[in-house]
Amino acid sequence: MFCILCEFIGVRVNVFVDDMGIMGMKVSDVRVEDITKDGVRLVVKMHIDECEEILAAIEDAGIPISGAKSYFGVHKIDIDGHVCNAQGRQPEKIRGQLIVD
């Protein structure tokens, strides 16, 4: 997975063993009010394009993806003990507390 996604890792993709998250654009990176000719927010269109590019690289390598375990277009997702959202990535509070205890 790392070899296939090396050009995206750290820029738009985080990989952990066989899990990955495709990061969305930060609101500060683009004006939210910009709209494409199709009536879609530019930030959404850019993210869809990036997802297509990353998923095409995975498909070209012949790696299967579980549709049942995949989530697209969500504002927040839990990946390997971290909560990823518009504010960035933070450890899950429950897991952090379990480590402390």
Keeping to segment 75-88, report how many residues are acidic (D, E) and either at pLDDT 80 or above or open to solvent by less than 50 Å² (accessible area, probe 1.4 Å) (or both). 1
The one condition in (1) loosely packed, with under 12 Cβ neighbours inside 10 Å; (2) more than 13 Å from the chain's Cα centre (by Cα); (3) not basic (K, R) that P91 fails to fulfil: (1)
Counting only residues in segment 1-23 that are surrounded by 12 or more Cβ atoms within 10 Å (Cβ to Cβ) and in contact (Cβ under 8 Å) with a residue 60 or more places away in the chain, the one farthest from A56 (Cα to Cα) is identified as F16
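One line per residue, one yes/no per condition, for (1) in a strand (DSSP E or B); (2) at pLDDT below 80; (3) out of contact with any strand residue (DSSP E or B) (no Cβ under 8 Å at 6 or more places or on another chain); (4) open to solvent by 90 Å² or more (accessible area, probe 1.4 Å):
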position: M25; (1), (2), (3), (4): no, yes, yes, no
position: K37; (1), (2), (3), (4): no, no, yes, yes
position: M46; (1), (2), (3), (4): no, no, yes, no
position: S66; (1), (2), (3), (4): no, no, yes, no
position: G73; (1), (2), (3), (4): no, yes, yes, no
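The values are calculated or read from the model by the stated rules, or taken from the named source; none is laboratory data. For clarity, every value in this text was computed on a predicted model and none was experimentally measured. Cβ: placed from backbone, ideal geometry, glycine included. Neighbour counts: every protein chain shown. Ligands, DNA and RNA are excluded from the accessible area calculation, which covers all protein heavy atoms including side chains. Shrake-Rupley method; radii C 1.70, N 1.55, O 1.52, S 1.80 Å.
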